[in-house]
Amino acid sequence: MNASHSTHSQADYAALLLRVSLGILFLAHAGLKIFTFTIPGTVQFFETIGYPGFFAYLVILGELGGGLALILGAWTRAVSIALLPIMIGATLQHLPNGWMFGSTGGGWEFPAFWTVTLVVQALLGAGAYALKPEKLLGFGGAGRTAQAAR
């Protein structure tokens, strides 16, 4: 494919790949909490590690909604930032287990890396093939700037 004919840069495709990968990963983890551990089991687990039980519901909703939004490319920067507390919380819970995630209880390198990828996604933006509802709804972005200039 000739780059001069494309409306998307390599960075746009990189952001797309990262965005969809992150979205799938969040959906997988939400599914794990819902179908494997069950919601009551996840609530109980959160309580055993010192978090309020209702955080489990927030995390599951965040992972489901955030995962879907990332896959679709909807509000990518805001969603990436909104998901940071979930991953920071996960990283903090894994700190005592050591560096490697293969350690008993899981180490902290995987959630820390996942946290960094969310920051990268927020910096990159949605990339190629994003839904970008703010443009569909007529607010934000270049349309707003053009109207302000009139």
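The values are calculated or read from the model by the stated rules, or taken from the named source; none is laboratory data. From a predicted model like this one, the values you see are computed outputs, not experimental measurements. When we count neighbours, we look across all protein chains shown, and the Cβ atoms used for this are built from the backbone with ideal geometry, even at glycine. Note: accessible area is taken over every heavy atom of the protein model, side chains too, but ligands, DNA and RNA are not part of it. Shrake-Rupley method; radii C 1.70, N 1.55, O 1.52, S 1.80 Å.
Observations, loosely collected:
- Carbon/sulfur fraction of accessible area - the chain, other protein chains in place, 1.4 Å, %: 71 percent
- Correct choice for Rg and Dmax of the Cα atoms in Å that was computed from the model, options (i) 18.0, 61; (ii) 16.0, 46; (iii) 17.6, 55: (i)
- Accessible area of segment 1-114 divided out per residue, in Å², using a probe of 1.4 angstrom: 58 Å²
- Charge dipole magnitude, Cβ of K and R +1, D and E -1 - segment 1-142, Cα centre, debye nearest 20: 240 debye
- Computed from Cα atoms, the angle from the helix 54-72 axis to the main principal axis of the chain rounds to 30 degrees.
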